[in-house]
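Just so you know, all these numbers are worked out from the coordinates, no wet-lab data involved. This is a predicted model, so every value here is computed, not measured. Methodologically, a virtual Cβ is constructed for each residue, glycine included, from the backbone with ideal geometry; neighbour enumeration extends over all protein chains shown.
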Amino acid sequence: MISPELLRRYPFFSAFTLDDLVRLADAGSEQQASAGHVFFREGERLTLFYLVVEGAVAITMALPVQDVIHSISSQMTGQYRTEDVVLTTVGPGDVFGWSGLVAPHAALSGATAQTDCRIIAFACPPLLAAFENDCRFGYLMLNKMVQVTRARLQAERVESLALARSVHTAGPLSSEAHGAE
């Protein structure tokens, strides 16, 4: 258990009542992670979600290694080499691993400590039980998680548009490349 007062310091928890903070604190434990520690990988079942207290955590996605020929059979069976690509980095006050609170509780990305970190790990099962008993608490938590997700999607959208613009300004494709006559 951690102190509810510790949670009160972070904007993510600002709308929660003292009772909510106590339930969260009861489900939380403070932990240390060394740089390079893998919290979870894409597709793994999650039973924890996390708050970064100190340090930086990379949110990653496994993509096929480029410049390597992947056979059709390896592509169809998922047996090809991948590398983790950093989608974003989260730091103090940020949460990650929210998929542990949403069925089917499978990670949609990975998370790896970029630096030595201090984090709070929250056990999802007792929180999910608390959400069933107090729908307001569950609604508030999921609403906060959706806000985090929305902000991250917006950041990815901006980054994707910037990348697309840089590719486009590098030189337009000729009409022959588009199949035009």
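In which sequence would Ile59, Ile72 go, from the one with the fewest C-beta neighbours within 10 Å to the one with the most?
The most exposed by this proxy come first: Ile72, Ile59.
Taking the Cβ-Cβ separation of Gln31 and Glu5 as r and a Förster radius of 22 Å, what is the calculated FRET efficiency to the nearest 0.05?
0.75
For a distance above 26 Å, tell me the whole-number percent of Cα pairs in the chain that qualify.
Of all Cα-Cα distances in the chain, 42 percent exceed 26 Å.
Within 10 Å of each residue's Cβ, count the other Cβ atoms and sort Met141, Met61 from fewest upward.
Arranged by neighbour count, lowest to highest, Met141, Met61 become Met61, Met141.
Cut-off is 10 Å between beta-carbons; in what order do Asp26, Asp19, Asp94 appear when sorted fewest neighbours first?
Starting with the residue having the fewest Cβ neighbours, the order is Asp19, Asp26, Asp94.
Could you pull out the trypsin sites (Lys or Arg not before Pro) across the range 71-171 that fall in loop regions by DSSP (anything but H, G, I, E, B) with no more than 15 other Cβ atoms inside 10 Å?
Loop-located and lightly packed - Arg81.
Which distance in Å, rounded to a whole number, links the C-alpha centroids of the range 103-121 and the range 25-73?
So the separation of the two Cα centres works out to 5 Å.
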